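The values are calculated or read from the model by the stated rules, or taken from the named source; none is laboratory data. Because the structure is a prediction, the values reported are computed rather than measured. Positions of Cβ are generated from backbone atoms using ideal geometry, with glycine treated the same way; all protein chains shown enter the neighbour counts. Protein only, heavy atoms only, side chains kept; ligands, DNA and RNA dropped before computing areas. Shrake-Rupley method; radii C 1.70, N 1.55, O 1.52, S 1.80 Å.
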Amino acid sequence: MTSLIAWLDASSEEQRRMRDIIHLFADRDSRDELGLGQIRDALSDALFPGTSTLHTRARYLLLVPWVFQEAAKRLNPTAEVDRMERRLISAIHDSEDYAGLLGMQAGAALKTLPSSIYWSMLRRYRILSDSSLRMQDALILDGQRLGGDDLSDATRHRFHAWSSTMPRAPIGFPTVVAGGFALRHEEAAWLCERILDAVPGTLMAHFAINPPSPDSQAPWAEPSTQYLSGEAKAYLGHARSFSAVMHGAQLLYNLMLAEQHQDAGFDSDRDFVATYRDELDVWAERLPGDVDVEMWNIEDLLVRVHSERGAPVHPRSVRFVRDWRDLLRDTPPAHLLSHPRARKLISDRERHNKGPQARLGNRRRLQSWGGSSGSGAMTFRWSSVRTILTDIHNGLDREPEPDDA
């Protein structure tokens, strides 16, 4: 039976979360096999508000509004915005900087257009003048007169769907996109201001001022984070601890899959049992340097996650995280590999989280195992966010153009 996900009556934020989930299923190292996603996503939202793993480049935060502004001037704005967004794909592809292009493979047949993917971020960073605006509202209302009989005020008293300070689209847009995804100085400075104004005190705002390294693997690996304070410091500390502690559970889960896969006689092109044993050894050695398990305040983490989500985390997820943390307090990490309680905790958790789709003890499901099921350590959207921030800092480093003054 074909699987189907339909948008019945979901807000753009709910749609963003669903697309994130679909994207994570496509990324083997990011799958949520042990039901940690509610805590992971809440921490990601607190650290980097409005972002998504689907966000690829910062200039989309201007390209989408420019398309809507242009389409709103036409007779059929709904059809025009669709046509222009698809036209944008080839225009950017023809530029020098097109890495991260949405539609690189599908071209004009792209199913989910950039406006759908970036709308929640446009709201969060107040690039939309009113965060309640839907896409259709922005098209229909932009430029409409707000009332009054004085014709001399007709231009001044019009509704603007987009921030009045937003930089203008480059000449030739959208047929030609000069620079591709490379931000002009003026554009980068404006986006930086948007971040600092909309989400002050967050890690996102910190990195808007302090450029991240282009190849750092996690936000806490950035040297500038040692100067953090307040809520950003607290959330980053919890994110690092949560990632470090639960990575052991993720690796043990994959080791158990590898063992059962091997025992069942299924072929593999690698010795995954040896691979995950080695990775668990490395994790056990590094863990004490990453987090003080005795001192880590997991209850403070859960209170913050509850507040960020506006709803409690599923009780079974909370129980699993607490039980795993308690296990680490009682047992040296290097001993968990063959610890019966640790293995039972993992198998119970997978069964509760996945039901009939659980792989452990299920020969049919084991057969299709590809060698990794959510084995990567959580980094809370860092790869996507780092690219967005790097785009902005690269733009700030460029010389202002004459028209930017």
Handout entry: Verdict on residue 67 being open to solvent by less than 70 Å² (accessible area, probe 1.4 Å), closer than 21 Å to residue 186 by Cβ and either part of a loop (DSSP other than H, G, I, E, B) or hydrophobic (A, V, I, L, M, F, W, C) (or both)
Key = yes
Handout entry: Residues satisfying the stated conditions in the range 303-322, i.e. open to solvent by less than 80 Å² (accessible area, probe 1.4 Å) and free of Cβ contacts under 8 Å to residues at least 24 places away in the same chain
Key = 310, 311, 318
Fill in the blank from the handout: Of the residues in the range 348-373, those that are farther than 26 Å from residue 299 by Cβ and surrounded by 15 or more Cβ atoms within 10 Å (Cβ to Cβ) number 12
Handout entry: Qualifying residues in the range 131-149 (those that are open to solvent by less than 60 Å² (accessible area, probe 1.4 Å) and assigned to a loop (DSSP other than H, G, I, E, B)) - the one farthest from residue 83 (Cα to Cα)
Key = 148
Handout entry: Subset of the range 159-171 (residues that are in a loop (DSSP other than H, G, I, E, B) and open to solvent by less than 40 Å² (accessible area, probe 1.4 Å))
Key = 161, 163, 166, 167, 170
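Find the residue count for the range 374-385, including only residues that are out of contact with any helix residue (DSSP H, G or I) (no Cβ under 8 Å at 6 or more places or on another chain) and open to solvent by 30 Å² or more (accessible area, probe 1.4 Å). Step through it out loud before you land on a result.
Here is the first cut: in the range 374-385, the residues out of contact with any helix residue (DSSP H, G or I) (no Cβ under 8 Å at 6 or more places or on another chain) are 383-384.
Of the ones still in play, those that are also open to solvent by 30 Å² or more (accessible area, probe 1.4 Å) are 383.
Summing the residues that are out of contact with any helix residue (DSSP H, G or I) (no Cβ under 8 Å at 6 or more places or on another chain) and open to solvent by 30 Å² or more (accessible area, probe 1.4 Å) in the range 374-385 gives 1.
Okay, residues lined up against (1) assigned to a helix (DSSP H, G or I); (2) of a type outside the set (D, E, K, R); (3) within 16 Å of the chain's Cα centre (by Cα):
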{"site": "366", "(1), (2), (3)": "yes, yes, no"}
{"site": "375", "(1), (2), (3)": "no, yes, no"}
{"site": "380", "(1), (2), (3)": "no, yes, yes"}
{"site": "383", "(1), (2), (3)": "yes, yes, yes"}
{"site": "393", "(1), (2), (3)": "yes, yes, no"}
{"site": "399", "(1), (2), (3)": "no, no, no"}
Exercise for the section: Output the number of the condition that residue 105 fails; it satisfies all remaining conditions of (1) under 20 Å from residue 170 (Cα atoms); (2) open to solvent by 70 Å² or more (accessible area, probe 1.4 Å); (3) free of Cβ contacts under 8 Å to residues at least 60 places away in the same chain. Expected result: (1)
Problem - Condition check for residue 80: outside any helix (DSSP H, G or I), open to solvent by 10 Å² or more (accessible area, probe 1.4 Å) and over 30 Å from residue 232 (Cα atoms) - result: no
Completion exercise
Given the conditions (1) open to solvent by 30 Å² or more (accessible area, probe 1.4 Å); (2) part of a loop (DSSP other than H, G, I, E, B), every one holds for residue 293 apart from (1)
Problem - Matching residues in the range 223-265 - criterion: being more than 25 Å from residue 320 (Cα to Cα), out of contact with any Lys or Arg (no Cβ under 9 Å at 6 or more places or on another chain) and either open to solvent by less than 60 Å² (accessible area, probe 1.4 Å) or part of a loop (DSSP other than H, G, I, E, B) (or both) - result: 224, 228, 229, 230, 232, 265
Exercise for the section: Run down 152, 120 and say which single residue is modelled with pLDDT under 90 and part of a helix (DSSP H, G or I). Expected result: 152
Handout entry: Looking only at the range 194-220, and only at residues there that are open to solvent by 60 Å² or more (accessible area, probe 1.4 Å) and free of Cβ contacts under 8 Å to residues at least 24 places away in the same chain, the one that is nearest to residue 247 (Cα to Cα)
Key = 215
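For the range 267-308, which residues satisfy the criterion of being aromatic (Phe, Trp, Tyr) and touching a Ser or Thr at 6+ places or on another chain (Cβ under 9 Å)?
The answer is 272, 276, 296.
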Exercise for the section: Give me a count of the residues in the range 50-63 that are within 29 Å of residue 37 (Cα to Cα) and either over 8 Å from the mean Cα position of the chain (by Cα) or without any contact (Cβ under 8 Å) to a residue 12 or more places away in the chain (or both). Expected result: 7
Problem - residue 26 being at pLDDT 95 or above and among the aliphatic types (A, V, I, L, M) - result: no
Fill in the blank from the handout: With the first residue restricted to the range 357-382 and required to be β-branched (Val, Ile, Thr), and the second required to be assigned to a loop (DSSP other than H, G, I, E, B), Cβ contacts under 8 Å at 6 or more apart or on different chains are 379/217; 379/218
